[in-house]
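One structure is given below, encoded as structure tokens.
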Amino acid sequence: MVDPTRAAAQTGVDTHCPYCALQCGMTLHPAAPATVRVRPRDFPTSAGGLCHKGWTSAELLGSPARLTTPLVRADGELRPASWEAALDHVAGRLREIVAEHGPDGVAVFGGGGLTNEKAYLLGKFARVALGTSQIDYNGRFCMSSAATAGIRAFGLDRGLPFPATDLAAADAVLLVGANPAETMPPFLAHLRRATGAGGLIVVDPRHTRTAEQAALHLSPAPGTDLALALGMLHAAVADGHLAHDYLSARTSGFDAVWRIAASWWPERAELVTGVAAADQRAAVAILAGAANAYILTGRGTDQHASGVAAVGAWINLALALGLPGQAGSGWGCLTGQGNGQGGREHGQKADQLPGYRRLDDPADRAHVAAVWGVPAGSLPGPGRSAYELLDALGTPGGPRGLLVFGSNVAVSAPHAGHVARRLAALDLLVVADVVLSETASLADVVLPVTQWAEEDGTLTNLDGRVLLRRKALPPPAEVRTDLEVLHGLAVRLGQPAARFPADPELVFDELRAASAGGPADYSGISYPRLRAGAALHWPVPAVTHPGTPRVFLDRFAHPDGRARFVPVQHSGPAERPDGQFPLHATTGRVLQHYQSGAQTRRVDELRDAASEAFVEVHPETARLAGLVEGSLAAVTSRRGTVTARVRCVPSMRPDLVFLPFHFAGAQRANLVTNPVLDLVSRMPELKVCAVRLAPAGILS
Ligand code: SF4
């Protein structure tokens, strides 16, 4: 008999990177966990490229840092336990909490890196096995604002409603609040033509590595890009770039938007944003003059308490120029997390059922309940959004027990010091992870789970293509998949075993049925089609359907087929600088790290290249605070203090500091961030808060 691991080592297993939504193609050659070789392979989104994170992604498979046995806290310490003992303990405590506090006494927190199968089964587990409404996930902190704005404008949220490769033919691309040169470098291959043609325009308060490549860098004051979009919309109309025929044929609602934008002449927008009126007009002229043009937004636009309005303002500009739904042009949102797209479609959101169905829609509830074999009336209603859920932990009326899968909220949630205190107030915290993350280290029970190369599963990348990530090597003996963990817990909670399958293909087949007829219809996608290499962008409503790479070419998803202009007003950041906190802070990523850094901080090569937090600051701002290059700064907001090493960057705005959010302990950027929420998307204002700078002590 052929040893599958040896065979895989020889021929390689074609799969995808475990990290961001570009889901670069790679081939793994697993001689042994510690010696798995990674090779890039040709794949449309990555064009044969991998970034530093992808190249080193296999290191964690054989790392001594990974968890290899369940841990249960006893006498204050996490101690090794058997799976039976750990799962029995968790199920028993869950039953006790539900008996005392009701089903909403327990909560579930998921992640945008979980496969579609895990996200689906997690939502089903919460609503059927636990009966709780209290489930949300860390994707709420990523692009919930863009998702909401996309649904309002187009009737459907698919990050890029066209293949990423379409961008390669663009003459002009406006990137708003995105820094792919650091977050997903291979993506820049798609922007080569626009960059070469002088058509790359970047909107970002920082002069990022991406901005360095742009023909035009617009640097608005933090939290003012909505005003900039209004100024540019005004310029589009005043300078004769309005796409009249497109507006008549494919949109509605322009007049209401123009009533607001009419008073945002570019000179007024310049006063608010600091972006020269001439640059606003030049940017619009570049977009309008291009044969193929795109506007792409990222987290810099999303992560505000006015994020839905801000993204909506950029969509309005794209519509005014006649871009969305046109061959070779469009608007899109750059998804961040590996399965950020699929993770928000299949039921781990507080208000959602699989297939992007709604939990408050009777027909949607009936469809999914029938697939699950339970009465529709037994499904709970919508629950708290991510930050509201974390904020309620351990409070009167709030959840007393929490299960966390694929998320490190002690580092990644806003107002992280407060969130850590709420986690500590729980009666039961259970964390399933591959390493002892900062959140896992606070847990009562830690469950060691498989990594991406040790299991099969599907993900949906940034352009809505569903991909099969394939198992390349067996996991360590005492490690289980998240699906096996959910199965084991569900059975202990009295559920029929067949209702919670642990086989990913069986789970996916059930997901297909649950999503059939929904906005994100996966019913025509199957493992055999994916194994055969089919490029399937959802919706795929039948097994004979070829997929939908470009969703809006013929019509938008609103009943009348038209895109909607949505009126939006500028409000600015929730916190303004004042005498006590005279600067703004913004947060973001660096090339070497992914999200909370739980994985990448444990990869030697990445940690050596980026080992500690830093604060980027203008040299004069540093001097005024008594700081010099390389000294330690305390960055303090109304919520806490981050300690970080000073990097003096002459291109920084003097009113702004930048903190990467991948680091732990006293270096957590989220100790200072503002948890004020967007009224609709419930997105926190992660991208701007008021701070002051001062010299600090020793890094802890
Ligand atoms: Fe590609 Fe993103 Fe992985 Fe880098 S982190 S290799 S850009 S998928």
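With respect to being β-branched (V, I, T), in contact with a Leu (Cβ under 8 Å, 6 or more places away or on another chain) and touching a residue at least 60 places away in the same chain (Cβ under 8 Å), V672 fits the description. For T586, state whether it is buried (at least 19 other Cβ atoms within 10 Å of the Cβ), away from the ligand (no atom under 16 Å from the Cβ) and hydroxyl-bearing (S, T, Y). So T586 fits the description; yes. The condition of being assigned to a loop (DSSP other than H, G, I, E, B) and in contact (Cβ under 8 Å) with a residue 60 or more places away in the chain holds for F663.
Whenever a residue of the stretch 97-110 is within 19 Å of K124 (Cα to Cα), its partners that are crowded, with 19+ Cβ neighbours inside 10 Å and among the basic types (K, R), lying with C-beta atoms within less than 6 angstrom and at least six residues away or across chains, give the pairs G105/R400. Against the list (1) surrounded by 18 or more Cβ atoms within 10 Å (Cβ to Cβ); (2) among the hydrophobic types (A, V, I, L, M, F, W, C); (3) more than 9 Å from the ligand (Cβ to nearest atom), the condition A74 fails is (1). Checking the stated criteria, S63 turns out not to satisfy the condition of being of a type outside the set (D, E), modelled with pLDDT under 95 and within 13 Å of the ligand (Cβ to nearest atom). In this structure, T27 qualifies as more than 12 Å from the ligand (Cβ to nearest atom), among the β-branched types (V, I, T) and not in a loop (DSSP other than H, G, I, E, B). Report, by residue number, each residue of the stretch 326-353 that is surrounded by fewer than 24 Cβ atoms within 10 Å (Cβ to Cβ) and either part of a loop (DSSP other than H, G, I, E, B) or in contact with a helix residue (DSSP H, G or I) (Cβ under 7 Å, 6 or more places away or on another chain) (or both). Answer for the stretch 326-353, where residues must be surrounded by fewer than 24 Cβ atoms within 10 Å (Cβ to Cβ) and either part of a loop (DSSP other than H, G, I, E, B) or in contact with a helix residue (DSSP H, G or I) (Cβ under 7 Å, 6 or more places away or on another chain) (or both): Q326, A327, G328, A350, D351.
Every residue, every condition in (1) surrounded by fewer than 19 Cβ atoms within 10 Å (Cβ to Cβ); (2) at pLDDT 95 or above; (3) under 28 Å from the mean Cα position of the chain (by Cα), yes or no:
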| position | (1), (2), (3) |
| --- | --- |
| E620 | yes, yes, no |
| R623 | yes, yes, no |
| L627 | no, yes, no |
| T636 | no, yes, yes |
| G640 | yes, yes, yes |
| R647 | yes, yes, yes |
| M652 | no, yes, yes |
| L659 | no, yes, yes |
| A664 | yes, no, yes |
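Test W264 against the criterion of being more than 16 Å from the ligand (Cβ to nearest atom), of a type in the set (F, W, Y) and part of a helix (DSSP H, G or I), and give yes or no.
no
Given the residues T183, T273, T210, which is the only one that is within 16 Å of the ligand (Cβ to nearest atom), of a type in the set (S, T, Y) and touching a helix residue (DSSP H, G or I) at 6+ places or on another chain (Cβ under 8 Å)? Please lay out each step first, then the result.
Numbers: T183 fails: touching a helix residue (DSSP H, G or I) at 6+ places or on another chain (Cβ under 8 Å); T273 fails: within 16 Å of the ligand (Cβ to nearest atom).
T210 is the lone residue from the list that is within 16 Å of the ligand (Cβ to nearest atom), of a type in the set (S, T, Y) and touching a helix residue (DSSP H, G or I) at 6+ places or on another chain (Cβ under 8 Å).
Selection of first residues in the stretch 183-211 that are free of Cβ contacts under 8 Å to residues at least 24 places away in the same chain and of second residues that are within 16 Å of the ligand (Cβ to nearest atom) and in a helix (DSSP H, G or I), restricted to Cβ pairs under 8 Å at least 6 apart or on distinct chains, gives the following pairs, ordered by first then second residue: T195/L188. Of the strands (runs of 3 or more DSSP E) lying entirely inside the stretch 30-89, the ones with 1 or more residues being of a type in the set (A, V, I, L, M, F, W, C) and within 30 Å of E182 (Cβ to Cβ) are found at 36-40.
Within the stretch 577-620, being in a loop (DSSP other than H, G, I, E, B), basic (K, R) and over 24 Å from V646 (Cβ atoms) holds for no residue. Against the criterion of being surrounded by 24 or more Cβ atoms within 10 Å (Cβ to Cβ) and either touching a strand residue (DSSP E or B) at 6+ places or on another chain (Cβ under 9 Å) or at pLDDT 90 or above (or both), T45 qualifies.
If you go through the stretch 141-160 and keep only what is of a type outside the set (D, E, K, R), more than 16 Å from the ligand (Cβ to nearest atom), closer than 21 Å to Q303 by Cα and touching a residue at least 60 places away in the same chain (Cβ under 8 Å), you end up with F141, S144, S145, A146, A147, T148, A149, G150, A153, F154, L156. Taking the stretch 410-426 as the range and being closer than 7 Å to N670 by Cα and in contact with a strand residue (DSSP E or B) (Cβ under 6 Å, 6 or more places away or on another chain) as the test, the residues that pass are P414, H415. Consider A81 carefully, then state whether it is closer than 27 Å to R601 by Cα, surrounded by fewer than 22 Cβ atoms within 10 Å (Cβ to Cβ), of a type in the set (A, V, I, L, M) and away from the ligand (no atom under 16 Å from the Cβ). Yes.
The rows are residues; the columns are (1) of a type outside the set (A, V, I, L, M, F, W, C); (2) in contact with a Leu (Cβ under 9 Å, 6 or more places away or on another chain); (3) modelled with pLDDT of 95 or more.
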site: P396; (1), (2), (3): yes, no, yes
site: G401; (1), (2), (3): yes, yes, yes
site: V404; (1), (2), (3): no, yes, yes
site: P414; (1), (2), (3): yes, yes, yes
site: V419; (1), (2), (3): no, yes, yes
site: D427; (1), (2), (3): yes, no, yes
site: V435; (1), (2), (3): no, yes, yes
site: D444; (1), (2), (3): yes, yes, yes
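Of all residues in the stretch 518-561, those satisfying the criterion of being hydroxyl-bearing (S, T, Y) and assigned to a loop (DSSP other than H, G, I, E, B) are Y522, S523, S526, T544, T548.
Meeting the requirement of 2 or more residues that are within 16 Å of Q352 (Cα to Cα), the helices (runs of 4 or more DSSP H) wholly within the stretch 121-213 are 144-154. Take the conditions within 16 Å of the ligand (Cβ to nearest atom) and either of a type in the set (D, E) or touching a helix residue (DSSP H, G or I) at 6+ places or on another chain (Cβ under 9 Å) (or both) and apply them to T45. Does it pass? Taking the combined requirement at face value, the residue satisfies it. Please work out if E117 is more than 22 Å from the chain's Cα centre (by Cα) and either buried (at least 21 other Cβ atoms within 10 Å of the Cβ) or in a helix (DSSP H, G or I) (or both). Criteria not met by E117.
Within the stretch 396-403, does at least one residue satisfy the condition of being crowded, with 24+ Cβ neighbours inside 10 Å and over 28 Å from S437 (Cβ atoms)? No: the stretch 396-403 contains no residue that is crowded, with 24+ Cβ neighbours inside 10 Å and over 28 Å from S437 (Cβ atoms). Taking the listed residues T11, T69, the one that is closer than 23 Å to R601 by Cβ, over 25 Å from the mean Cα position of the chain (by Cα) and away from the ligand (no atom under 16 Å from the Cβ) is T69, with no other qualifying.
The values are calculated or read from the model by the stated rules, or taken from the named source; none is laboratory data. What you are looking at is a predicted structure, and each value in this text was computed from that prediction instead of being measured. Cβ atoms come from the backbone with ideal geometry, glycine included; neighbour counts cover every protein chain shown.
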